[in-house]
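Down below is the structure, laid out as structure tokens.
The values are calculated or read from the model by the stated rules, or taken from the named source; none is laboratory data. Note that the structure is predicted; figures quoted are calculated from it, not measured. Here Cβ is always computed from backbone atoms with ideal geometry, including for glycine, and neighbour counts include all displayed protein chains. Please note that ligands, DNA and RNA were not included when accessible areas were found on the heavy atoms of the full protein model with its side chains. Shrake-Rupley method; radii C 1.70, N 1.55, O 1.52, S 1.80 Å.
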Amino acid sequence: MLTREENELLCRVEGDAPMGQIFRRHWLPALLSEEVPEPDCDPVRVKLLGENLVAFRDTDGRIGLIQEACPHRGASLFFGRNEESGIRCLYHGWKFDAEGQCVDMASEPAESSFCDKVKIKSYPVVETGGFIWTYMGPAETMPEFSPPVWQPSPETNVVTTKVIVDANWAQMLEGSIDSAHSSSLHSSDMVPARVPGAQSTVTQWQRPSTDKSPRMVVQRTSYGFRYSAIRRPIKDAATHDYVRTTLFVAPYIVHIPPNNLHRSCTVHVPRDDGSTTFYFVAFGSDTVPAQEDWRKLHSNRVGIDLDETYRNTRTAANNYRQDRKAMKLGNFTGMPGITNQDISMWESMGPIVDRTHDRLGASDLAIVEFRKQMVEAAHTVAAGGPAIGTSEPRVPLSALQSFEGIVPKSSDWRTLGATETEIEIAARQAKAGGSQAAAE
């Protein structure tokens, strides 16, 4: 349970909100490369942290990410002409390049130098792994771009879904770090089976456990935290545990446990206080599903399940097309696709859930840690301190790994999937924490 003030601190990202300032100190996925597929293609609306922006790929292939409103009289540049290395406002012909510099003013005298004095807000971008990334914070604190969790090497195969969700980023991320809910909400898609570990098929994810109430353990890290959900396996339950370790990579990435074909991340990028762009990423070697197969599995196909702006055609207004007949025949939710099942829950809470009335249980340990850690992080930034995940020591994000498997009960869950560097940093931090407690 949070106080109303703490809930506001956790959720609000617009303007000068401390949580928004944390996001602005990290590189953020702004859109997919496929949305601007070729030079001089159609511009795309982008909304990040309450700002209305336009993305475009110019004649030379450069990506521009600029404010949507033309500085002349506020008309939308989204409707502009993307041609000859810039985007031209339809209203009076003012034209801007990928850096936001005005390069032509059709409505002004040819001898005027006014054009040189006009530059609109633009943000730096990096394109890699199918995403276009941006940094929205102060230039003096901009870190060098480093590959994300899902790009451990340039050769990594990466596929993703994308959907815009009418819910605050924090309540969505809490769903991604909630291992217990998968045994209920996703029980028709994540089914128990006598398999040696998590297995992926065309239509289901199989797991070697029937245990719906896992024991939860959590450990803070330099990047956020890792937590494990420890269950009884179907086989050898007396001597072994089934462990699923999830990583929260602050402030917006969750690296969920892998299966036999791929690793996965969920990504929660705030559009504003009440809506979020959600990406579900699969990555790995040549066993990663094809892009369209991945989107079909999650019922997130543009033109079929989503409109051309990545908004879901299943909404609260049509009850997410829930099929009650299918429920009577055994399907738990009556909704196809893991992502759609989650969205129905996230949006049903309202744009920003009121956490002052929560009744949390033992299975909510990771959610409690997330709220505590991120509220503390917001207070730190508000006081002029560094944003979470930006200070040394740090583990390269592309080196991080989640974990799942059946292991002997004597195994240390903290080390499962962790790199030597991560284990060393955790040991130093634990030692420093112990020394500080002893001194107090």
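If you check every pair at least six apart or on different chains, which have Cβ atoms under 9 Å apart with a residue in the range 24-37 that is open to solvent by less than 10 Å² (accessible area, probe 1.4 Å) first and a residue that is among the small types (Gly, Ala, Ser) and part of a loop (DSSP other than H, G, I, E, B) second?
Listed by first residue and then by second, the contacts come to Leu32/Gly130.
Could you list, in sequence order, the residues of the range 90-108 that are assigned to a loop (DSSP other than H, G, I, E, B), more than 32 Å from the chain's Cα centre (by Cα) and not acidic (Asp, Glu)? If you could, list the steps in order and put the result at the bottom.
Narrowing the range 90-108 to residues assigned to a loop (DSSP other than H, G, I, E, B): 90-93, 97-100, 106-108.
This time we only want the ones that are more than 32 Å from the chain's Cα centre (by Cα), so: 90-93, 106-108.
Passing the criteria: Leu90, Tyr91, His92, Gly93, Ala106, Ser107.
Output the number of residues of the range 73-110 satisfying the condition of being more than 16 Å from Arg57 (Cα to Cα) and of a type outside the set (Ser, Thr, Tyr). Talk me through it step by step, then tell me what you get.
Within the range 73-110, the first condition is being more than 16 Å from Arg57 (Cα to Cα), and the residues that meet it are 73-76, 90-94, 102-110.
Those left that are additionally of a type outside the set (Ser, Thr, Tyr): 73-75, 90, 92-94, 102-106, 108-110.
Selection size over the range 73-110: 15.
For the list (1) open to solvent by 60 Å² or more (accessible area, probe 1.4 Å); (2) among the charged types (D, E, K, R); (3) in contact (Cβ under 8 Å) with a residue 24 or more places away in the chain, I need the number of the one condition that Asp358 fails.
Exception for Asp358: condition (1).
Restricting to the range 344-355, name every residue that is buried (at least 19 other Cβ atoms within 10 Å of the Cβ) and among the charged types (D, E, K, R).
Across the range 344-355, the qualifying residues are Glu347, Arg355.
Just one of Ile367, Ile388 is in contact with a strand residue (DSSP E or B) (Cβ under 8 Å, 6 or more places away or on another chain), modelled with pLDDT of 95 or more and not acidic (Asp, Glu); which is it?
On the way: Ile367 fails: in contact with a strand residue (DSSP E or B) (Cβ under 8 Å, 6 or more places away or on another chain).
It is Ile388.
From the residues in the range 52-67 that are open to solvent by 30 Å² or more (accessible area, probe 1.4 Å) and assigned to a loop (DSSP other than H, G, I, E, B), which one is nearest to Leu31 (Cα to Cα)?
Arg62
Taking only the range 202-212 into account, find how many residues are among the polar types (S, T, N, Q) and open to solvent by 90 Å² or more (accessible area, probe 1.4 Å). Spell out how you get there, then give the answer.
Just the residues of the range 202-212 that are among the polar types (S, T, N, Q), to begin with: 203-204, 206, 209-210.
Retained after the next criterion (residues that are open to solvent by 90 Å² or more (accessible area, probe 1.4 Å)): 203, 210.
Qualifying residue count, the range 202-212: 2.
Quick one: is Arg355 out of contact with any Asp or Glu (no Cβ under 9 Å at 6 or more places or on another chain) and of a type in the set (D, E, K, R)?
Working: out of contact with any Asp or Glu (no Cβ under 9 Å at 6 or more places or on another chain): no; of a type in the set (D, E, K, R): yes.
In short, no.
What's the total number of residues in the range 324-343 that are part of a helix (DSSP H, G or I), touching a residue at least 24 places away in the same chain (Cβ under 8 Å) and open to solvent by 10 Å² or more (accessible area, probe 1.4 Å)? Please lay out each step first, then the result.
Our first condition is that a residue be part of a helix (DSSP H, G or I); within the range 324-343, this holds for 324-328, 338-343.
Filter once more, keeping what is touching a residue at least 24 places away in the same chain (Cβ under 8 Å): 338-343.
So of that shortlist, the ones also open to solvent by 10 Å² or more (accessible area, probe 1.4 Å) come out as 338, 342.
Residues in the range 324-343 being part of a helix (DSSP H, G or I), touching a residue at least 24 places away in the same chain (Cβ under 8 Å) and open to solvent by 10 Å² or more (accessible area, probe 1.4 Å): 2 in total.
Can you tell me which of (1) surrounded by 13 or more Cβ atoms within 10 Å (Cβ to Cβ); (2) outside any helix (DSSP H, G or I); (3) touching a residue at least 40 places away in the same chain (Cβ under 8 Å) is the one Ser363 doesn't meet?
Among (1) surrounded by 13 or more Cβ atoms within 10 Å (Cβ to Cβ); (2) outside any helix (DSSP H, G or I); (3) touching a residue at least 40 places away in the same chain (Cβ under 8 Å), Ser363 violates only (2).
Among the listed residues Glu111, Glu84, which satisfies the condition of being in contact with a Lys or Arg (Cβ under 9 Å, 6 or more places away or on another chain), assigned to a loop (DSSP other than H, G, I, E, B) and surrounded by fewer than 18 Cβ atoms within 10 Å (Cβ to Cβ)? First the steps, then the outcome.
Working: Glu111 fails: in contact with a Lys or Arg (Cβ under 9 Å, 6 or more places away or on another chain).
None of the others qualify; the one that does is Glu84.
Out of the range 231-251, which residues are surrounded by 22 or more Cβ atoms within 10 Å (Cβ to Cβ) and either in a strand (DSSP E or B) or over 19 Å from the mean Cα position of the chain (by Cα) (or both)?
Arg231, Pro233, Asp241, Tyr242, Val243, Arg244, Thr245, Thr246, Leu247, Phe248, Val249
Kindly check whether there is at least one residue in the range 249-263 that is in contact (Cβ under 8 Å) with a residue 40 or more places away in the chain, charged (D, E, K, R) and more than 23 Å from Gln151 (Cα to Cα). Don't jump to the end; show me each part of the working.
Pass one, the range 249-263, residues in contact (Cβ under 8 Å) with a residue 40 or more places away in the chain: 249-263.
Still in the list and also charged (D, E, K, R): 263.
Next, from what is left, pick out any that are more than 23 Å from Gln151 (Cα to Cα): none.
Taking every residue of the range 249-263 in turn, none turns out to be in contact (Cβ under 8 Å) with a residue 40 or more places away in the chain, charged (D, E, K, R) and more than 23 Å from Gln151 (Cα to Cα).
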